[in-house]
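Reading through the structure tokens given below for one structure.
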Amino acid sequence: MAQQTPRPSSPLATTTLTGTMLTGQLLIAMPSLDDPHFVRGVIYLCAHTPEGAMGIMVNRPLEQPSFEDLLRQLDIAPLPPARRIRLCAGGPVDHARGFVLHTADWIDEGSLRVDDSLALTASLDILKAIANGAGPRRGLLALGYVGWGPGQLDAEFQKNTWLSAPADEALVFDADHETKWRRALAKLRIDPLLLSDNAGHG
């Protein structure tokens, strides 16, 4: 399963990808996946190369800390902010670290442009921009991420752990977290009850 310890190098160490593979796709957990970190998980895949993969879980909302609490901890003004974005648990790796997954209409020097639509930024500059009412059109702040080593995600696909589907802004950014897993499957025209012999997991 996805690594639960940080890899030595930052997943944002490079802003150019050596290959796209599944980059920019949604990963959808199969009903049989019973790891509590990933049950009915929907992950936006920010990078998938021969060196490994990195993604952000987009359907695990966090009530605490609030965006305002986080700005206060980081001493970012103004408070209250002119804008807020939602927080989510991005994955089991390095959950003390924040990443903003956002529309690519705002790009910083340290941003990872995933594709033409979305980017990932880990600097405080994006939080300052949002707090001041600017920044990207849409975004979410993830604490932690999901990581895979070389070939690990490919092996999980061979074991039917995940399905993949095209990403769209509504699935990535809207607040209807309870339905994201089913909506992601619906993009593939799949009924989750048909994916598993155990309908209780559907």
Failed criterion for ALA134 (all others in (1) under 20 Å from GLU169 (Cα atoms); (2) in contact with a helix residue (DSSP H, G or I) (Cβ under 7 Å, 6 or more places away or on another chain); (3) surrounded by fewer than 20 Cβ atoms within 10 Å (Cβ to Cβ) hold): (2)
Lone qualifier among LEU194, LEU163, LEU87 - being under 21 Å from VAL39 (Cα atoms), over 14 Å from the mean Cα position of the chain (by Cα) and buried (at least 18 other Cβ atoms within 10 Å of the Cβ): LEU163
Matching option when the condition is over 26 Å from THR49 (Cβ atoms) and surrounded by fewer than 20 Cβ atoms within 10 Å (Cβ to Cβ), among ARG113, ARG182: ARG182
Among (1) touching a residue at least 60 places away in the same chain (Cβ under 8 Å); (2) surrounded by fewer than 19 Cβ atoms within 10 Å (Cβ to Cβ); (3) not basic (Lys, Arg), the one test that LEU141 misses: (2)
Residues satisfying the stated conditions in region 52-75, i.e. surrounded by fewer than 17 Cβ atoms within 10 Å (Cβ to Cβ), touching a residue at least 40 places away in the same chain (Cβ under 8 Å) and over 15 Å from GLY144 (Cβ atoms): LEU74
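Rundown of residues vs (1) of a type in the set (Asp, Glu); (2) under 22 Å from VAL172 (Cβ atoms); (3) modelled with pLDDT of 90 or more, yes/no style:
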{"residue": "GLN3", "(1), (2), (3)": "no, no, no"}
{"residue": "ARG7", "(1), (2), (3)": "no, no, no"}
{"residue": "LEU17", "(1), (2), (3)": "no, yes, no"}
{"residue": "GLN25", "(1), (2), (3)": "no, yes, yes"}
{"residue": "ASP34", "(1), (2), (3)": "yes, no, yes"}
{"residue": "ARG40", "(1), (2), (3)": "no, yes, yes"}
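The values are calculated or read from the model by the stated rules, or taken from the named source; none is laboratory data. In this text the structure is predicted, and so the values were computed from the model without any measurement. Counting neighbours? That spans all protein chains shown, and the Cβs are built from the backbone with ideal geometry, glycine included.
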